Amino acid sequence: MAEALDAPAVSPGPDEERLRRWRLVLGGDDDGTGTKLTGRDLEMDKALAALYNKGDYDTGPGGGGVTGRGRGKSARQGPRSAGLGASSPQVARWLGDIRSYFPQTVVQVMQRDAIDRLNLRQLLLEPEMMESVEPDVHLVGTLLSLNHLMPAETKETARQVVRKLVEDLERRLGAKLRATVSGALDKTTRTGRPRHSDIDWGRTIQVNLKNYLPEYKTVVPERLVGYARKERAVKRDVVLAIDQSGSMYASVVYASVFGAVLASLKSLKTSLVVFDTAVVDLTPQLSDPVDVLFGTQLGGGTDINRAIAYSQSLITRPTESIFILISDLYEGGVRREMLRRVAEMTAAGTQVIVLLALSDEGAPSYDRENAAALAALGVPAFACTPDKFGDLMAAAIQRQDLQRFLED
């Protein structure tokens, strides 16, 4: 008996763990696994069932939890309805609970499902709800689409939610973009008196190989070779034109953050415009990407030609300019004029890049005919994930071939 009491607790075997996971997936008491949930697993099951099953959500002590069909069974019987109802306190409590039960990535998926399945857009106009959500790109896109419907007290809370995401993106991606672009040196401009941090050591060693001292196994550099830093003057003008149609919400979020980062670099002159059937110049707001995002209006039609026409007016040094159009290319304006303007820009020496999407949500939907027409003009059109944008900008600034980004 003493040995039994002193024995360590036995971890569930692989079969028990597999049944436990299936029980959480299927839901309901008649799922066929024969596994009963207790403690934290039971609370997780209640949170899942509140979204994916019929039933009511109750997290109070001794609460009835959720009643209704299991997740697997209800799925076989047809469309499922959820049990969170339209109660803001109930939904806010559920949002808080799932953040304690599941990792952040799962929470974001469940929030997205709740917004889509339960049509929670109206509840997102309430401050109590805003304080409960976990920010992600999808949620921010939804908030921006509701921007003009928000009462004043909700808008300030929504700005705090958006700022939390923006700060996270700046920390994860903005720092890399800033470092990559700041370190992009003009490889065609050499100097014989570079700063220590600007020395091109590979080239310096190569031109001083005749001064190699075998006994010391070193090269004496009589001549230093280095680059002039781009920060010493404005070397490139960058114009970002962002399609703000509803399907481009993720690109709008990332591009707004990146635009603000680029605007902070003295070596670049950055302009940012957003467009649907009208064009709005948000360059004055670039000091704060949250202001940029709340200056957008997701949804509506698309007039790419008008956006390019306005962008052309911002370009005063064509050979030193980079024009980046972020759009799925579904043109609602005059297609022939759009292509003519792009041809004019490239002929004048402007580097034109078309990003079909700036997101990590997989292959985008886009107008293939327009993409092919742009390719015929020598303009690359491809999707870019946020983590690659810094490398793309550095390559564009240095006038490198962008074909490798098209192949990735």
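The values are calculated or read from the model by the stated rules, or taken from the named source; none is laboratory data. Keep in mind the model is a prediction, meaning the values are calculated, not measured. Glycine gets a Cβ as well: all are built from the backbone with ideal geometry, and neighbour counts include every protein chain shown. Note: accessible area is taken over every heavy atom of the protein model, side chains too, but ligands, DNA and RNA are not part of it. Shrake-Rupley method; radii C 1.70, N 1.55, O 1.52, S 1.80 Å.
For SER264, the conditions (1) open to solvent by 10 Å² or more (accessible area, probe 1.4 Å); (2) under 27 Å from GLY332 (Cβ atoms) are fulfilled apart from (2).
Within region 314-329, can one find any residue that is open to solvent by 50 Å² or more (accessible area, probe 1.4 Å), of a type in the set (A, V, I, L, M) and assigned to a helix (DSSP H, G or I)?
Here is the first cut: in region 314-329, the residues open to solvent by 50 Å² or more (accessible area, probe 1.4 Å) are 316-317, 319-320.
From the residues that got through so far, the ones that are of a type in the set (A, V, I, L, M) too are none.
Checking region 314-329: not a single residue is open to solvent by 50 Å² or more (accessible area, probe 1.4 Å), of a type in the set (A, V, I, L, M) and assigned to a helix (DSSP H, G or I).
For region 330-370, taking the residues that are under 12 Å from ASP243 (Cβ atoms) and among the small types (Gly, Ala, Ser), the one that is surrounded by the most Cβ atoms within 10 Å (Cβ to Cβ) is identified as ALA357. For GLU369, are the conditions met, namely being of a type outside the set (Ser, Thr, Tyr), on the phi < 0 side of the Ramachandran plot and out of contact with any helix residue (DSSP H, G or I) (no Cβ under 7 Å at 6 or more places or on another chain)? When the stated conditions are applied, GLU369 passes them. Filtering region 279-313 to residues that are part of a loop (DSSP other than H, G, I, E, B) and either in contact with a Ser or Thr (Cβ under 7 Å, 6 or more places away or on another chain) or among the β-branched types (Val, Ile, Thr) (or both) leaves LEU286, THR296, LEU298, GLY299, GLY300, GLY301, THR302, ASP303. Can you find a residue that is in contact with a Gly (Cβ under 8 Å, 6 or more places away or on another chain), open to solvent by less than 100 Å² (accessible area, probe 1.4 Å), in a loop (DSSP other than H, G, I, E, B) and at pLDDT below 80 anywhere in region 199-207? Yes: one or more hits. Look at region 377-398: where a residue is on the phi > 0 side of the Ramachandran plot and modelled with pLDDT of 95 or more, no partner that is in a helix (DSSP H, G or I) and not β-branched (Val, Ile, Thr) sits 6+ places away or on another chain with Cβ atoms under 8 Å. The residue of region 288-309 that is most open to solvent (accessible area, probe 1.4 Å), among those that are over 19 Å from the mean Cα position of the chain (by Cα) and closer than 27 Å to LEU143 by Cβ, is ARG306. Residues that are assigned to a loop (DSSP other than H, G, I, E, B) and closer than 15 Å to CYS384 by Cβ were ranked within region 345-372; the one that is farthest from the chain's Cα centre (by Cα) is TYR366.
When we screen LEU177, LEU169 for residues that are over 25 Å from GLU320 (Cα atoms), modelled with pLDDT of 90 or more and surrounded by 14 or more Cβ atoms within 10 Å (Cβ to Cβ), the only hit is LEU169.
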